[in-house]
C-alpha cells in the first residue's frame, strides 16, 4: 500500500489515544460544564429567592392594600398608592425617625470606624501577651446579649441611681437626665451603640492588618518620616477593601438599629430617639396598620439600597484613584 493511499484513508480520522479537537469537542464540553454549574447553583438561587426576593415583592404588594383585622381574620382592600401618599403628606413620626436614623448612622459609624481602626493598630503593635489580653477585653461588649446591654446601661445612665450621675456627684455636678432629656437622649443611645459595635469593626480591621505583608511594611517604613504617614500612605491604601466592606456592614446594621432604642428610651422623650425601625414597629404591632407599615418599610428599603449603591461606588472610585497614585 502506497503512502499516498494510506494518507488518503487516514485523513480526517483522529489518531489513536488522541482526543478529538474538532469544532464539536470543546463547545460540547463547555456546554456540559455550563449545565453542571447551573444545576449546582440552582439550590442556592432558589433559597435566595424564597427567603429574600419573594418577601420583598410580598412587602411591596401588601403596601398597596388597606389590611383590616376582624375576629382573627384579615381583609385586604386594594387602595393603590394611597399609603405612600399619606406617608409623604401627613406622617411626622416616620420622617423624624428617618432624620434621627441618619444622624445615628453617621455619628455611630464614624466613631466606630475610627475607634475600631485605632484599637486594631494598638493590638497589632502590642506583644503576644498584650495582644491576647487586649483582644479579649475589646471583644467583650459584642458577646453580651442586647437585653443585658439595655439593662446594664439603664442602670448606668439612670437619673436617680445611675452610676454615671453617682460619679458626677463626687465632683458636685448635679444629676443629668441622660435618657429623658430630648437634647442628649439620642447622643446617649449613640454612645451605647458605639460601645456595643466597635468590637465588630475592631476584629475586621485586625484581620485586615494581619493580612498585610510585613516585608512590604518594613520597606515602606524606610520611605516615610512618621507613624502617621505610614498609616495614611501605606496601611490605609492597602486596607481599603477591608475598610469598604466593614463600612458597608456597619451602615446596614446602623439603619437596622432597634434594640438599643427599644430597651433604653422606647423612642422618647417625644420623638427625640425615634428611629425608622421603631416607627415601623409601632405601626405594625401597636396600630395594626399592616399596609401602611409595609409602605414605610418599602421606602426605607429603597433608601438604604440606593445609599449603599452610591456609597460603594464612591468608595470604589476612591480606591482606584489611590491605587493609580501608588502606581505612579
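Among the residues of segment 152-183, what is the count of those that are without any contact (Cβ under 8 Å) to a residue 40 or more places away in the chain, surrounded by 11 or more Cβ atoms within 10 Å (Cβ to Cβ) and outside any helix (DSSP H, G or I)?
7
Being assigned to a strand (DSSP E or B), in contact (Cβ under 8 Å) with a residue 60 or more places away in the chain, on the phi < 0 side of the Ramachandran plot and in contact with a helix residue (DSSP H, G or I) (Cβ under 7 Å, 6 or more places away or on another chain), is that true of even one residue in segment 66-87?
Yes, segment 66-87 contains at least one residue that is assigned to a strand (DSSP E or B), in contact (Cβ under 8 Å) with a residue 60 or more places away in the chain, on the phi < 0 side of the Ramachandran plot and in contact with a helix residue (DSSP H, G or I) (Cβ under 7 Å, 6 or more places away or on another chain).
Looking at segment 75-90, which of its residues are surrounded by 14 or more Cβ atoms within 10 Å (Cβ to Cβ) and closer than 11 Å to residue 64 by Cα?
If the condition is that a residue be surrounded by 14 or more Cβ atoms within 10 Å (Cβ to Cβ) and closer than 11 Å to residue 64 by Cα, then 76, 79, 82, 83, 84 are the ones that fit.
Pick from 276, 283: which is surrounded by 20 or more Cβ atoms within 10 Å (Cβ to Cβ) and either modelled with pLDDT under 85 or more than 29 Å from residue 159 (Cα to Cα) (or both)?
Only one candidate passes the filter, namely 283.
Just to be sure before I move on: is residue 100 touching a strand residue (DSSP E or B) at 6+ places or on another chain (Cβ under 9 Å), surrounded by 12 or more Cβ atoms within 10 Å (Cβ to Cβ) and assigned to a helix (DSSP H, G or I) in the structure I sent?
So residue 100 fails the test.
Can you list the helices (runs of 4 or more DSSP H) lying wholly within segment 216-328 that have 3 or more residues being within 30 Å of residue 73 (Cα to Cα) and either out of contact with any helix residue (DSSP H, G or I) (no Cβ under 7 Å at 6 or more places or on another chain) or in contact (Cβ under 8 Å) with a residue 12 or more places away in the chain (or both)?
Of the helices (runs of 4 or more DSSP H) lying wholly inside segment 216-328, those with at least 3 residues that are within 30 Å of residue 73 (Cα to Cα) and either out of contact with any helix residue (DSSP H, G or I) (no Cβ under 7 Å at 6 or more places or on another chain) or in contact (Cβ under 8 Å) with a residue 12 or more places away in the chain (or both) span 276-281, 290-327.
I need the full set of residues from segment 127-139 which are part of a helix (DSSP H, G or I) and in contact (Cβ under 8 Å) with a residue 40 or more places away in the chain, in order please.
135, 138
Would you say residue 149 is assigned to a helix (DSSP H, G or I), modelled with pLDDT under 90 and within 24 Å of the chain's Cα centre (by Cα)?
Against the criterion (assigned to a helix (DSSP H, G or I), modelled with pLDDT under 90 and within 24 Å of the chain's Cα centre (by Cα)), residue 149 does not qualify.
Can you confirm whether residue 122 is within 19 Å of residue 262 (Cα to Cα) and touching a helix residue (DSSP H, G or I) at 6+ places or on another chain (Cβ under 9 Å)?
no
With (1) in a loop (DSSP other than H, G, I, E, B); (2) surrounded by 11 or more Cβ atoms within 10 Å (Cβ to Cβ); (3) modelled with pLDDT under 90 as the list, and residue 124 as the residue in question, which single condition is left unmet?
So the condition that residue 124 fails would be (1).
Suppose we filter 306, 263 for residues that are modelled with pLDDT of 85 or more and surrounded by fewer than 15 Cβ atoms within 10 Å (Cβ to Cβ); which single one remains?
Among 306, 263, only 306 is modelled with pLDDT of 85 or more and surrounded by fewer than 15 Cβ atoms within 10 Å (Cβ to Cβ).
Out of segment 233-250, which residues are surrounded by fewer than 18 Cβ atoms within 10 Å (Cβ to Cβ) and within 14 Å of the chain's Cα centre (by Cα)?
The answer is 244, 245, 248, 249.
Is it the case, given these coordinates, that residue 11 is modelled with pLDDT under 85 and loosely packed, with under 10 Cβ neighbours inside 10 Å?
The answer is yes for residue 11.
Which residue out of 268, 291 is under 24 Å from residue 90 (Cα atoms) and touching a strand residue (DSSP E or B) at 6+ places or on another chain (Cβ under 8 Å)?
Sole residue among the options that is under 24 Å from residue 90 (Cα atoms) and touching a strand residue (DSSP E or B) at 6+ places or on another chain (Cβ under 8 Å): 291.
It is to be established whether one or more residues within segment 75-84 are modelled with pLDDT under 90 and more than 19 Å from the chain's Cα centre (by Cα).
Within segment 75-84 (the criterion being modelled with pLDDT under 90 and more than 19 Å from the chain's Cα centre (by Cα)), the answer is yes, since at least one residue qualifies.
The values are calculated or read from the model by the stated rules, or taken from the named source; none is laboratory data. This structure is a prediction, so every number in the text was calculated from the model and none was measured. Cβ coordinates were reconstructed from backbone atoms using ideal geometry, including for glycine residues, and neighbour counts include every protein chain displayed.
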